[in-house]
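Notes for the one structure printed next.
The values are calculated or read from the model by the stated rules, or taken from the named source; none is laboratory data. This structure is a prediction, so every number in the text was calculated from the model and none was measured. Quick reminder, even Gly has a Cβ in these numbers, built from the backbone with ideal geometry, and neighbours come from all protein chains shown. Accessible surface is based on the protein model in full, side chains and every heavy atom, while ligands, DNA and RNA are left aside. Shrake-Rupley method; radii C 1.70, N 1.55, O 1.52, S 1.80 Å.
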Amino acid sequence: MSAAQSTLSQDASITEHSATQAGNPSLPIDYLLHLADNALVLGQRNAEWSGHGPILEEDIALSNNSLDLIGQARLLYQEAAAQIGNGATEDTLAFFRDVPDFKNYTLLELPHHPPLAGTSASDRDFATTLVRNFLYSALMVLVWDKLQHAPHAQLAAIAAKSLKEVRYHLRHSRDWLLRMGDGTAESHGRAQAAVNHLMPYTQEFWTGTEYESKAASVTGLDMGSLQSDWNQIVNAALLEATLKRPADGGFIPTGKQSIHSEHLGFMLAEMQSLPRAHPNATW
Amino acid sequence: MSADQKSSTASAALKEWPLWEVFVRSKQGLEHKHCGSLHASDSQHALQMARDVYTRRQEGVSIWVVQSSSIAASEPNDKSEFFEPSSDKVYRHPTFYEIPSEVGHM
Amino acid sequence: MYTQSFNVPDAPDTNNSTPNAALKSVPKALSETDIALQAQFDARIDADGKVEPRDWMPDAYRKTLVRQISQHAHSEIVGMLPEGNWISRAPSLKRKAILIAKVQDEGGHGLYLYSAAETLGTSRDQMLDALHTGKAKYSSIFNYPTLNWADVGVVGWLVDGAAIMNQIPLCRCSYGPYARAMIRVCKEESFHQRQGFEALLVMMQGTAEQKAMVQDAVNRWWWKCLAMFGPPDADSPNSVQGMRWGIKRISNDDLRQKFVDATVPQAKILGVTLPDPDLKWNEERQHHDYGQIDWDEFWATVNGNGPCNKERLGARVKAWNDGQWVRDAALAHANKQAQKNLKEAA
């Protein structure tokens with residue numbers, strides 16, 4: 001069946017998942033939104049490559065990646081909406097919250113190019129995209145693996161499904177890290193530049209927040225406990241790719257604490273424009 | 001094809017990712033079926049692409065990929081005596097009767 | 001999705017050093033063998049049999065198929081752009097997901113078709129080079145802009161609808177790989193059309209602004225979709241040979257008529273007006289009469305002077321050129337790995 005057909009059949013199972021079951025411990029809304037915003041923001045970014053990929057086969061691969069992430073976002077927003085009640089839906093959460101309400105890692109909202117201001121113009125850089133995907137996927141295989149055992153039925157189900165997907169994303173992005181790092185001089189240079197640019201943003205994975213601690217008391221997932229495994233995955237891949245890891249330090253971003261880069265504003269303005277122009281419309 | 005044309009085609013071909021034929025056995029299937037081809041830089045890459053393109057990420061399917069240049073194929077059943085001595089390539093390359101434009105109208 | 005059921009001749013090749021299909025093909029005197037092979041080929045076509053990659057085929061048949069299949073593939077790829085234009089602004093998460101999936105399907109269709117074309121002895125790089133240098137065409141329906149969200153639904157309903165009409169007969173095309181690729185494509189295509197229609201239905205049951213959006217989109221796309229079936233049969237000389245070879249099964253005018261007849265009731269269900277004052281049921285013919293298509297505008301667009309031609313091609317050329325380092329890296333890495341494996345095996 002086509003990708004479009006399987007997206008719609010996913011819809012059916014989504015409605016089953018969305019009702020919060022009685023007896024489920026309550027998760028901090030901000031935690032669910034953090035997970036959902038991560039998936040939506042990165043899904044939105046990766047979809048930007050549609051029609052512009054370096055070869056048709058990779059266009060399809062990145063679209064698959066984006067679809068998986070948006071699918072995860074939908075499930076997570078629906079779970080959050082069910083908890084919030086009051087007429088909240090996946091779409092009110094995605095399209096009618098502003099920049100200071102978003103809880104995604106800053107890493108994920110960055111455009112596909114080396115460091116530039118929000119109004120600079122630049123070409124898209126495939127190395128930036130794939131290195132970012134690698135760094136995030138390496139984290140999420142660990143996160144989803146833990147969360148699939150959480151005593152919260154909906155979250156555990158979402159985690160199990162997402163784990164399958166992110167294992168594939170990790171393999172895809174890791175393979176590209178190797179191809180670029182140990183490819184040509186140009187690809188090596190671009191990959192190294194992307195690593196130097198993006199690695200400091202991953203420091204945000206390990207700073208604590210109140211909602212993550214609250215969630216941990218329900219799910220049993222302490223993010224700090226993942227750091228050494230994540231380092232192992234990343235260091236092994238960088239070594240194989242003949243890339244160097246920059247030292248930690250420098251600015252530590254705060255996207256998950258609602259203070260973002262200048263880039264999220266532009267992304268949301270574009271993404272949210274149509275529903276906001278027609279606030280009472282159904283699509 | 002002249003020697004010059006052949007070598008420029010060859011070097012152009014080296015720049016292109018090799019072509020791989022894809023065979024998929026569906027979850028309930030009995031054997032692998034040929035579904036088409038794609039370009040990939042190596043076999044792992046080809047398998048990943050095939051999963052994305054030809055199976056739409058269905059689970060429980062088995063995928064084989066083979067470089068097109070590695071496939072040996074039989075003659076078509078009929079009129080084999082008319083057929084040229086076979087290359088062992090799967091796809092016969094076209095022999096257009098090309099003339100350089102300097103030759104003028106023919 | 002695809003369209004143009006007529007063959008547009010390639011642009012003339014002025015570069016002597018490039019071996020190219022557009023160079024003149026000189027019919028050689030036929031040997032006894034060739035005559036026998038031709039007769040056998042003709043018999044197979046007449047019996048509705050399939051021609052497969054290793055079978056003998058006339059060079060003109062091969063060239064026509066390379067051109068038609070590759071242009072079909074190019075159309076799918078370029079077609080990703082007008083709809084892709086709305087992915088980032090889709091008004092709901094569900095619509096966003098559906099649109100990404102649809103555009104991805106189109107990429108996949110392009111891939112099936114490039115794959116079918118390669119069985120005829122051309123390569124992906126050669127085909128893309130023809131597209132990027134303007135020698136090969138793509139369906140000119142994609143040279144029009146998608147200006148509001150309803151355009152996405154209308155493209156699904158009308159453009160995919162027209163493409164389906166063209167594509168279903170191709171499932172019975174005489175060339176095996178093309179027919180099999182088309183069967184795959186058609187399975188996925190009808191879902192796209194239904195999605196487009198459903199999106200429009202929701203809008204037509206919505207706000208006044210949404211209804212206006214839909215009607216505006218229909219007004220801009222209707223006539224262009226009618227022209228998708230190609231010029232009237234009287235003006236389509238290539239059709240005859242295409243039909244003789246079992247590549248083209250139904251005439252342009254007949255397909256266009258089928259499309260109009262199928263679409264009028266759908267428009268009624270939606271509650272949109274098709275922008276043709278001459279459109280009306282003809283009891284005698286048992287078909288809908290419709291008005292005059294602006295063929296001048298059609299040809300102007302086909303020949304490069306539509307609203308988006310330069311942008312579409314520019315986008316494809318840029319993506320390809322910008323991606324060169326990526327493709328080179330993958331090859332370089334694969335070569336390095338191969339060298340390593342050889343060394344280890346030694």
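So the values come out like this:
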item	result
Accessible area (Å², 1.4 Å probe, nearest 10) - B:Glu31	100
Mean Cα-pair separation over length for the stretch A:70-224, i.e. relative contact order, pairs under 8 Å, 6 or more apart, %	24
Set of lysines near C:Lys340 by C-alpha distance (under 23 Å), chain-local residues within fewer than 8 positions excluded	A:Lys244, B:Lys15
Longest exposed-site-free window of chain C, the sites being GluC sites (Glu not before Pro) in a DSSP loop that have at most 13 other C-beta atoms within 10 Å	C:1-282
Accessible area (Å², 1.4 Å probe, nearest 10) - C:Asp294	90
Computed E for C:Ala262/C:Asp48 - FRET, C-beta separation, R0 25 angstrom, nearest 0.05	0.45
Distance from the stretch A:87-133 to the stretch C:305-328 (C-alpha centre basis), Å	25
Shielding by partners - mean other protein chain Cβ count within 10 Å, residues of C:119-125	6
Relative contact order [Cα under 8 Å, 6+ residues apart], chain A, whole percent	23
GNM flexibility winner over chain C from C:Asn143, C:Asn335, C:Asn303 (Cα, springs under 10 Å)	C:Asn335
Listed residues C:Leu147, C:Leu270 arranged by accessible area, highest first, probe 1.4 Å	C:Leu147, C:Leu270
Approximate spin-label separation C:Gln286-C:Asp34, in nm, with each point projected 7 Å along Cα-to-Cβ	4.7
Chains B and C together, accessible area buried on both sides, 1.4 angstrom probe, square angstrom	3800
Nearby lysines by direct alpha-carbon distance to B:Lys27 (threshold 21 angstrom, same-chain neighbours under 8 apart not counted)	A:Lys161, A:Lys164, C:Lys187
Contact order normalised by residue count of chain C, Cα under 8 Å, 6+ apart, percent	20
222 nm mean residue ellipticity, helices alone, for chain C (DSSP H n ≥ 4; -39,500 (n - 2.57); rounded to 500)	-20500 deg cm²/dmol
Distance violations [Cα-Cα > 32 Å] among A:Lys103/C:Lys102; C:Lys63/C:Lys268; C:Lys94/C:Lys135	C:Lys63/C:Lys268; C:Lys94/C:Lys135
Euclidean distance between Cα centres, the stretch A:208-246 to the stretch C:227-303, Å	60
Accessible area buried at the A-C interface, both sides summed, 1.4 Å probe (Å², nearest 100)	4600
Listed residues A:Ala150, A:Ala247, A:Ala127, most fluctuating in chain A (Gaussian network, C-alpha, under 10 Å)	A:Ala247
In degrees, nearest ten, helix C:252-270 long axis to first principal axis of chain C (Cα)	40
Interface burial for B against A (accessible surface, 1.4 Å probe, total of both chains, Å², rounded to 100)	1500
Distant-in-sequence amide H partners of C:Val51 (H built 1.01 Å from N, under 5 Å)	C:Tyr175, C:Gly176
C:Tyr290 accessible area, assembled protein chains, probe 1.4 Å, Å²	60
Which of C:Ala90, C:Cys173, C:Val103, positive extreme of dipole for the stretch C:55-194 (C-beta unit charges)	C:Ala90
Aspartates and glutamates with Cα under 15 Å of A:Lys256, excluding same-chain neighbours fewer than 8 positions away	A:Asp30, A:Asp37, A:Asp98, A:Asp101, A:Glu109, A:Glu204, A:Glu210, A:Glu212
Number of partner chain Cβ atoms within 10 Å, mean per residue of B:46-52	5
Share of carbon and sulfur in the accessible heavy-atom surface of the protein assembly as shown [1.4 Å probe, %]	55
Average accessible surface area per residue within chain C, 1.4 Å rolling probe, Å²	39
1.4 Å probe accessible area per residue over chain A, in Å²	36
